[in-house]
Amino acid sequence: DVAFSHGASPTGSLVTGSGNYIGPNALRTFAFTVRVMPDGSVKGRFSGASHARPASSWSGPLTCVVVEGNVAWIGGVYEKATNPALVGTGFVFKAVDHGEGANAVPDSMSRAMRGGSDCTLKPEPNPLYFYEIFGNIQVHP
């Protein structure tokens, strides 16, 4: 579960999130936690599920994170997935913490952008796959 962050975020950076959003034709749930350790390595895990029929799920280690203010790019590798073709595939997703409280804009995140897990590239998601979430994302630089 430990990989290097490419020196992208300061030691102690922490990003957490959980909740759900309405994705293409289905409710999707997610949870993740990722932290930059004192030695510069990254430790974290993610899980997700689509509640379409048939349902699917996925999980694995998070291997990188880049934090800029309230925005984080988080990457990992599918370790387990209902779809075996995903296993071993790297990805990055973008998460935005819009603050706390009843008057805050909902937090948002993208679907996984497959094709590698290099967070330093800070890929921008297709706007069609960037969602307001029902839940909470917290970015601690």
Exercise. Could you please let me know if PHE134 is of a type in the set (Phe, Trp, Tyr), in contact with a Gly (Cβ under 8 Å, 6 or more places away or on another chain) and open to solvent by 50 Å² or more (accessible area, probe 1.4 Å)?
Key: yes
Exercise. Please determine, by comparing only the residues of segment 99-131 that are hydrophobic (A, V, I, L, M, F, W, C) and more than 16 Å from the chain's Cα centre (by Cα), which one is surrounded by the most Cβ atoms within 10 Å (Cβ to Cβ).
Key: ALA104
Quiz item: Right, GLY60: open to solvent by less than 50 Å² (accessible area, probe 1.4 Å) and at positive phi or not?
Solution: yes
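The values are calculated or read from the model by the stated rules, or taken from the named source; none is laboratory data. It should be emphasised that the depicted structure is a prediction, and the values quoted were computed from it without experimental measurement. Don't worry about glycine lacking a Cβ; one is built from the backbone with ideal geometry, like all the others, and counts go over all protein chains shown. These area figures cover heavy atoms from the full protein model, side chains too; ligands, DNA and RNA do not enter into them. Shrake-Rupley method; radii C 1.70, N 1.55, O 1.52, S 1.80 Å.
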